[in-house]
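In what follows, a structure is listed as structure tokens, so that the remarks can point back to it.
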Amino acid sequence: MATKIPISHFTPITFLYFLLLSTSHIPILAINITHILSTYPELSGFNQLLSTTAVAADLNERSSVTLLSVPNTFLNNSDVLNNPTPPSSSTNTGDILRYHVLLEYFSWPDLRRIPPTGKLVTTLFQTTGRAPNNYGSVNITRDPITQSITVHSSNSEATIISSVKTIPYNLSIFTIDSVLVPNGGNVIASETRPLLGLNITKTLIDGHNFNVAASMLTASGVEEEFEEDERGAGITLFIPTDEAFSDLSSSSIFQSLPAEKKADVLRFHVLHSYYPLGSLQSIVNPVQPTLATEQNGAGSFTLNISRLNGDVSIDTGIVQARITRTVFDQNPVAIFGVSSVLLPKEFFDKTSAGVNKPSVEVPPLANPPMISISPVNSPEIDGSATANHLSTPPGVVEKDSSSAANGKNAVRLFLGL
């Protein structure tokens with residue numbers, strides 16, 4: 001005799017919850033930059049430099065970047081990268097290569113829209129901590145007459161020659177006619193740096209007004225993920241204040257999320273790079289991937305970071321927050337307090353979230369104004385039923401002749417008044 005197993009409680013929501021748990025830790029496939037460049041012989045020298053340093057590994061773990069590669073013709077004429085860097089030199093080959101990695105995705109149309117005055121763009125070199133201020137950034141300009149695109153540093157510049165490879169929103173590779181050299185940074189020969197080993201939860205508690213966020217990080221277990229990322233290019237955390245959580249009108253919806261989705265919301269508050277405040281103020285690309293992007297796929301769970309009225313604004317598509325204070329800033333970790341909980345549009349919509357909406361009182365609906373009918377067009381005066389603009393709308397059949405009579409009586413009464 002077959003045994004029947006009741007499945008009445010196995011709802012689709014429960015099934016979706018188990019499905020999310022089983023797939024949430026599937027990593028995004030990394031882009032093998034050296035494999036891509038191996039199909040372009042004219043970039044073999046630049047590709048070899050990437051392979052012999054740690055830069056190739058750094059690139060394989062990132063998304064939404066633009067690589068400015070130098071062809072062999074121009075690379076061989078460079079005194080900077082043509083020969084291996086002596087150990088005693090203050091210039092590190094790896095950091096020079098990192099200076100050719102823009103932490104924003106640019107396509108040809110994106111470059112064509114750059115204003116002639118230029119755009120400041122952060123490079124991978126900025127995340128190393130060896131580039132004080134904005135010396136890890138480049139200025140990209142466009143000539144309005146020739147439409148040529150030039151990348152400037154304080155002591156070098158290069159013109160973009162052509163597009164090599166484009167993987168939309170993940171990777172874009174261009175060739176340039178010269179090697180870019182950073183200036184002003186403490187570029188040392190060492191490729192490593194001591195780990196900070198920061199206890200994020202303790203730092204938040206010591207910073208005051210972040211108790212809710214600290215409790216959520218501990219309960220979710222994502223704090224360990226964040227601290228592990230300190231070993232890479234660093235991390236930048238946007239932590240909502242306690243008031244931000246208390247003002248969250250969709251708190252019931254947030255609390256109803258499964259545990260893994262709550263963890264994704266927390267990952268949504270973290271960038272997988274170290275950005276001091278000055279670098280955040282220079283970010284102009286509207287799409288910034290988060291740690292949740294790495295868990296769920298390119299193009300999802302992104303933040304729009306811009307400068308608005310002197311503040312750093314963070315827009316999720318659902319809420320708009322601003323950085324209120326710096327909690328901690330020491331390479332490779334930056335922690336900033338933000339005014340609102342960052343709700344991803346993948347889990348919320350503006351109707352359900354109910355946040356960042358202006359509190360405008362809607363007045364009660366007033367009675368519609370009475371419409372005065374001209375005696376010339378009155379059906380009771382000229383006897384024309386088609387001239388009455390208040391007659392039954394098209395497609396509506398009058399089922400009761402008494403209602404029509406009542407309407408005529410109402411018109412008579414109105415005209416009498």
Output the residues belonging to region 132-146 that are closer than 19 Å to Val65 by Cα and either assigned to a loop (DSSP other than H, G, I, E, B) or among the aliphatic types (A, V, I, L, M) (or both). Asn134, Tyr135, Gly136, Val138, Ile140
Can you say whether Ser154 is surrounded by fewer than 20 Cβ atoms within 10 Å (Cβ to Cβ) and at pLDDT 90 or above, as far as the supplied structure shows? no
In region 268-344, which strands (runs of 3 or more DSSP E) lie fully inside it and hold 2 or more residues that are at pLDDT 90 or above, open to solvent by 10 Å² or more (accessible area, probe 1.4 Å) and more than 23 Å from Leu171 (Cα to Cα)? 320-330
For the list (1) surrounded by fewer than 16 Cβ atoms within 10 Å (Cβ to Cβ); (2) at pLDDT 80 or above; (3) in a helix (DSSP H, G or I); (4) not polar (S, T, N, Q), I need the number of the one condition that Glu228 fails. (2)
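The values are calculated or read from the model by the stated rules, or taken from the named source; none is laboratory data. Everything quoted here is computed from the prediction, not taken from an experiment. We place every Cβ from the backbone using ideal geometry, glycine too, and count neighbours over all the protein chains shown. Heads up: the accessible areas ignore ligands, DNA and RNA and are worked out on the full protein's heavy atoms, side chains in. Shrake-Rupley method; radii C 1.70, N 1.55, O 1.52, S 1.80 Å.
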